[in-house]
């Protein structure tokens, strides 16, 4: 197993307090290098959390899914850039002007701006309700939104394991795909409607995987991280 495999595993710090977040970071040690900071922890701990993670040599995936007018999103991206985020998210449904504003705000040396296509909790009926049209193919909708991200010259998108292959088939390596909804075999999918094992995501072509509960809820997080890494590695080249 190469180090690059572990570097492409993003551990979701979906925990309620700063203390619990850093207990997990410490438990994982040097093996885990990339951590997701989402809305729950960011609202509790604030942006200084990013500073602390950087001091520990960790990379930060700031998953706040910005979705606002272009000027506001650009300002948020600039703030995240100053904090040293390595990667961040915006909603693809914010439109091309917003996506372009985010990319321009990040600049060539700033964080990778990844466009969220459809949340992994959604099913077809949810999307039909939101967009007011029927029927809706989740795969077609995700591929369409990924195309919008490509038109805005973003480096990648966030999509469930189900949509990785269609995105890669349509756009090749022009878009990196970050894949949430990852569970070790036998783990409870909880609120995820579209999910897969690390190995399945790797076989589909995922460039990065985001893993939360399979690690954060494990009795031994370090052991669980190693299991995720082995599974992710097993799917490479398949």
Are there any pairs, at least 6 apart or on different chains, whose C-beta atoms fall under 7 Å, with the first in segment 14-39 and modelled with pLDDT under 95 and the second assigned to a loop (DSSP other than H, G, I, E, B) and surrounded by 13 or more Cβ atoms within 10 Å (Cβ to Cβ), and if so, which? 14/212
Go through segment 15-32 residue by residue and tally those that are out of contact with any strand residue (DSSP E or B) (no Cβ under 6 Å at 6 or more places or on another chain) and in a loop (DSSP other than H, G, I, E, B). 6
Scan segment 83-100 and tell me whether some residue there is over 19 Å from residue 151 (Cβ atoms), crowded, with 18+ Cβ neighbours inside 10 Å and out of contact with any helix residue (DSSP H, G or I) (no Cβ under 7 Å at 6 or more places or on another chain). yes
For segment 142-157, check the following and say yes or no: at least one residue is buried (at least 21 other Cβ atoms within 10 Å of the Cβ), in contact (Cβ under 8 Å) with a residue 12 or more places away in the chain and assigned to a strand (DSSP E or B). yes
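Suppose we filter segment 111-133 for residues that are within 17 Å of the chain's Cα centre (by Cα) and over 23 Å from residue 54 (Cβ atoms); how many remain? Lay out the reasoning, then the answer.
Within segment 111-133, the first condition is being within 17 Å of the chain's Cα centre (by Cα), and the residues that meet it are 111-122.
Among the residues that remain, those that are also over 23 Å from residue 54 (Cβ atoms) are: 115-122.
Residues in segment 111-133 being within 17 Å of the chain's Cα centre (by Cα) and over 23 Å from residue 54 (Cβ atoms): 8 in total.
Identify, from the list 166, 108, the residue that is in a helix (DSSP H, G or I), more than 22 Å from residue 35 (Cβ to Cβ) and over 17 Å from the mean Cα position of the chain (by Cα). I'd like the intermediate steps shown before the answer.
Details: 108 fails: in a helix (DSSP H, G or I).
Every option except 166 fails the conditions.
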Output the residues belonging to segment 111-130 that are part of a helix (DSSP H, G or I) and touching a helix residue (DSSP H, G or I) at 6+ places or on another chain (Cβ under 8 Å). 124, 127
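Yes/no per residue for (1) in contact with a strand residue (DSSP E or B) (Cβ under 7 Å, 6 or more places away or on another chain); (2) not in a loop (DSSP other than H, G, I, E, B):
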{"residue": "44", "(1), (2)": "no, yes"}
{"residue": "57", "(1), (2)": "no, no"}
{"residue": "61", "(1), (2)": "yes, yes"}
{"residue": "65", "(1), (2)": "yes, yes"}
{"residue": "71", "(1), (2)": "no, yes"}
{"residue": "79", "(1), (2)": "no, yes"}
{"residue": "85", "(1), (2)": "yes, no"}
{"residue": "89", "(1), (2)": "yes, yes"}
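Looking at 74, 115, 45, which is the one that is without any contact (Cβ under 8 Å) to a residue 60 or more places away in the chain, over 21 Å from residue 158 (Cβ atoms) and surrounded by 18 or more Cβ atoms within 10 Å (Cβ to Cβ)? Walk me through it before giving the result.
Working: 74 fails: over 21 Å from residue 158 (Cβ atoms); 115 fails: over 21 Å from residue 158 (Cβ atoms).
Only one candidate qualifies: 45.
The values are calculated or read from the model by the stated rules, or taken from the named source; none is laboratory data. Owing to the predicted nature of the structure, the values given are computational and were not obtained by experimental measurement. Using ideal geometry, Cβ is built from the backbone for each residue, glycine included, and neighbour counts are taken over all protein chains shown.
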